[in-house]
1. With bins 5 Å wide starting at 0, give me the P(r) of region 44-86 over every alpha carbon pair, in whole percents.
2. How big is D, in µm² s⁻¹, for the chain by Stokes-Einstein at 20 °C and 1.002 mPa s if Rh is the Kirkwood radius over C-alpha pairs?
3. Relative to the present Cα-Cα distance, how much length would full extension add between ASN74 and GLU61 at 0.36 nm per residue of separation?
4. For region 125-227, take the convex hull of the Cα atoms, compute a quarter of its surface area, and give me that in nm², please.
5. Below 8 Å between Cα atoms, with a sequence gap of 6+, how large is the relative contact order for the chain in percent?
6. Could you calculate the FRET efficiency of TRP214 with LYS16 from 1/(1 + (r/R0)^6), where r is the beta carbon distance between them and R0 is 56 Å, rounded to 0.05?
7. At 7 Å along Cα-to-Cβ for each site, give me the label-to-label distance between ASN162 and HIS29 in nm.
8. How much of the calculated P(r) for region 256-352 lies past 23 Å, in percent of all Cα pairs?
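Derivation of every value follows stated rules applied to the coordinates shown; laboratory data play no part. Predicted model only: the values in this text are computed from it and were never measured. Positions of Cβ are backbone-derived with ideal geometry, glycine not excepted, and every protein chain shown enters the neighbour counts.
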Amino acid sequence: MDYRYESSDNSSGRNKCAACFRQFNKMEHLVDHMRTSFHSVHESKCGICRKHCRSFESLREHLIGPLPKQECKNIFNIRGCRYCLTILESSNARRVHQERCQFSNGLLARMATLGIRDSLNIDNGYSRGTQVVALACKMVGGGSDGSLDLCGRVCLIDENENILFHSYIKPLIPVTNYRYDTTGIRPEYLRDAMPLRQAQKKIQDFLCNGEPMWKVKPRGGRARILVGHGLDHDLDRLQVEYPAVMIRDTAKYPPLMKTSKLSNSLKYLTQAYLGYDIQTGIQDPFEDCVATMRLYTRMRSQRHGAEDYSLASDPQNRNNLAAWRQSELERMSPEGLLALSRSDFYCWCLDS
């Protein structure tokens, strides 16, 4: 394929990024931009003008923020879903879609009947495909001022929102603040609760699913994908180790973050992208598990273009910008540069 343009006229779009539409004075500046922007098919895109956005938050700003693109805003107000930000064919199609897109809360009745459950069984490889589970904890306080987070309650669910494990946890050190207003945990709940060490072993063995930790791999293995929000903190409090390649954290997933360094709260993500409220009073880890699992399945179900090697850091990926000389890149079209570009994050659509 020949990516070269004969014209060097900047007004023709020669130096305009084919993804984010930024305009550059010189082609070399566009090439530098493409080397560091990591535009790809996995970015969020406006369904109207096709502009690539780094995250769903920046796409939301583009469509309905304080300074939106006016043409896109006008169409989105008529045909856009405010949860998944999809553009539908008509206002009626939007209404039907949005009713399905908005998850019904429907958790209160289920939460009212929650009890202690333990179904953390190793399946010995009988299940087909990689299994996905979500984990959430609620913390009580330790230390002299009660500010030290200690796991007091933990829940694990499967992809169908069935509870696999739900238990109060007895910390290794005394609890000095039960944080009842948010956790609902009383001293008597932890008196005879499962010891932390026992819960840790159960959860770790279940996640690895019979595989040694050093053998866990992202594809073709038996270990389970673990979904959650702020999982580094939860796993640290549980003293559970798990490979990063098997973790899907909604607090660290670039399309769901405010910026590359700032996370959104789970409460905000659930309201904005699932359409209901959580954590309104005493909080239950089951509610958090369901929210993170729904966010994960929504992100995983996105349909993106297929690529042999999707990551810029993939050692097998030789068809990217790093493999080309500057002079060769400067002769390509903006569309050609975009075709060579790859993502710098693992898109969850690749789990499908």
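1. Cα pair-distance distribution for region 44-86, in percent: 6, 27, 41, 24, 2.
2. Roughly 94 µm²/s, to the nearest whole number.
3. Length difference between fully extended and current span is 3.3 nm.
4. If you wrap the Cα atoms of region 125-227 in a convex hull and average its projections, you get 7.7 nm².
5. Over the chain, the number comes to 21 percent.
6. Once rounded, the FRET efficiency stands at 0.70.
7. Label-label distance for ASN162 and HIS29, simple model: 5.9 nm.
8. 47
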